[in-house]
Amino acid sequence: SKVGRLDQAFEQARRAQELDPTSAIIASNLAAMYLTRDDYEQALRYAELAENLGFSKSQSGVRAKVALRRGEWDQAEALFVAEEGLPAEIKPLVKRFIAAVRDPQLRPGVIADMQAFDPAVLPQADLVGSYVELGAIDVAYQVLFAQLDKDPKAWARGWDIGIAWGPAGAAFRRDPRFGELAQRMGFVDYWKQYGYSDGCRAGDDTPIVCS
């Protein structure tokens, strides 16, 4: 799913779950995949299943994102702020981020604060999904390309651009810069060999065009 072939990854995960319905890891993976597809009921169902099966990591992140997408602002804030391991200094920014998702007029100020946040506490690459959620597509690309300019292999160390493949990331993946990003991350060569990501094809004057 990292390379955008969500339908294939989803079917493989579903088959794996049928073969091993007691696997907490598979249930957690399915929760994340359903979330990417905006199927919130199934995302919550598999998140609960993962926890019931003993998955060591809390599924509060899935629940928080579902609440955010549904506009359940108080619940989203409570879940995000309560996430295990979240540094105390980040919590006020999380609250402002949720307020900015709710009220677009707040977004410029919140985005500026996110850009200025101490990278030792919260690296900019970890904020890309949040920038996309707020519609700050230019900022998201600036962050990613700046990282790749410093280190061409930066993407291999935990980047999460999964939001690009779901409905919430439509503007991000439809942007002409997405082709260059995919090429610099090595995805284009992979797609040429194994098939393009869902909803994408080779472009005429760009490496990839996505719908």
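Some points to look at:
- Label separation (I25 vs D103): 4.5 nm, computed from points 7 Å beyond Cα along the C-beta direction.
- Extension gain, E18-A171: 0.36 nm per intervening residue step, less the Cα-Cα distance, totals 51.6 nm.
- Anisotropy class of the chain from Cα gyration tensor, a/c 1.5 cut: oblate
- Percent RCO, i.e. relative contact order, over segment 39-159, from Cα pairs under 8 Å lying at least 6 residues apart: 14
- Label point distance in nm, A146-A116, each placed 7 Å from Cα along Cα→Cβ: 1.4
- Note on T22: accessible area is roughly 100 Å² with a 1.4 Å probe, heavy atoms of protein only.
- Cα gyration tensor, segment 7-119 - rounded (a/c under 1.5), prolate or oblate: prolate
- A probe of 1.4 angstrom, applied to the heavy atoms of all protein chains, finds R177 with accessible area near 70 square angstrom.
- Modelled spin-label separation between L86 and R201, with each label point placed 7 Å from Cα along the Cα-to-Cβ direction: 4.2 nm.
- Measuring nothing but how far apart in sequence close Cα pairs (under 8 Å, 6+ apart) lie, relative to its length, the chain scores a relative contact order of 17 percent.
- Length released on extending from R70 to Q8, taking residue separation times 0.36 nm less the Cα-Cα span: 19.7 nm
The values are calculated or read from the model by the stated rules, or taken from the named source; none is laboratory data. These figures come from a predicted structure and were not determined experimentally. No Cβ is skipped: glycine too gets one built from the backbone with ideal geometry, and neighbour counts run over all protein chains shown. These accessible areas exclude ligands, DNA and RNA; they are computed on the full protein's heavy atoms, side chains included. Shrake-Rupley method; radii C 1.70, N 1.55, O 1.52, S 1.80 Å.
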